[in-house]
Amino acid sequence: MPRFDAGQGAVAASARTARSDVFSHGPGDSWVETYDHGESRLEIRYSPAPATCPKHAQGEECEYFDARARVIVSGPQGRRAYSGTGTCGC
C-alpha cells in the first residue's frame, strides 16, 4: 500500500484495482496504477524509457527493462506532478 502526501500529511492509499503478485508488463509496455485516499488520488503512469540494461532475462523473474514514471498527486491542496526514470532490475 503506497503512502503519499496530497498536502495534508502522509496517508496510505488503496489501489483502485485488485493487486496481484504477478508482474505482467514487459519492454515497450505502458500502464497506469491509481490509488485513492478520501478526496486524494495518486496516479502513476508508466511508459518505456531508453534501454540502459546490459542484462537479458534468461528464465529469471526480474525486470530487464527501463521504465519512465510520471506521478500525479491530486488532493484538496491542488495537483502536483513528478517524473523520473527507473533502471533495470536485478
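Filtered by the rule that a residue be open to solvent by 60 Å² or more (accessible area, probe 1.4 Å) and polar (S, T, N, Q), the range 15-52 gives Thr17, Ser20, Ser24, Ser30, Thr52.
Listed residues Gly7, Gly89; which is open to solvent by less than 90 Å² (accessible area, probe 1.4 Å), at positive phi, assigned to a loop (DSSP other than H, G, I, E, B) and at pLDDT below 85? Lay out the reasoning, then the answer.
Numbers: Gly89 fails: at positive phi.
Of Gly7, Gly89, the one residue that is open to solvent by less than 90 Å² (accessible area, probe 1.4 Å), at positive phi, assigned to a loop (DSSP other than H, G, I, E, B) and at pLDDT below 85 is Gly7.
For the range 25-45, a residue qualifies if it is assigned to a strand (DSSP E or B) and either of a type in the set (Ser, Thr, Tyr) or on the phi > 0 side of the Ramachandran plot (or both), and the qualifying residues are Thr34, Tyr35, Ser40.
Return a yes/no flag: does the range 64-79 have any residue that is touching a Cys at 6+ places or on another chain (Cβ under 6 Å) and at pLDDT below 75. Checked the range 64-79: at least one residue is touching a Cys at 6+ places or on another chain (Cβ under 6 Å) and at pLDDT below 75.
The values are calculated or read from the model by the stated rules, or taken from the named source; none is laboratory data. Because the structure is predicted, anything quoted here is derived from the model rather than measured. Cβ coordinates were reconstructed from backbone atoms using ideal geometry, including for glycine residues, and neighbour counts include every protein chain displayed. We work out accessible area using only protein heavy atoms, side chains counted, and drop any ligands, DNA or RNA first. Shrake-Rupley method; radii C 1.70, N 1.55, O 1.52, S 1.80 Å.
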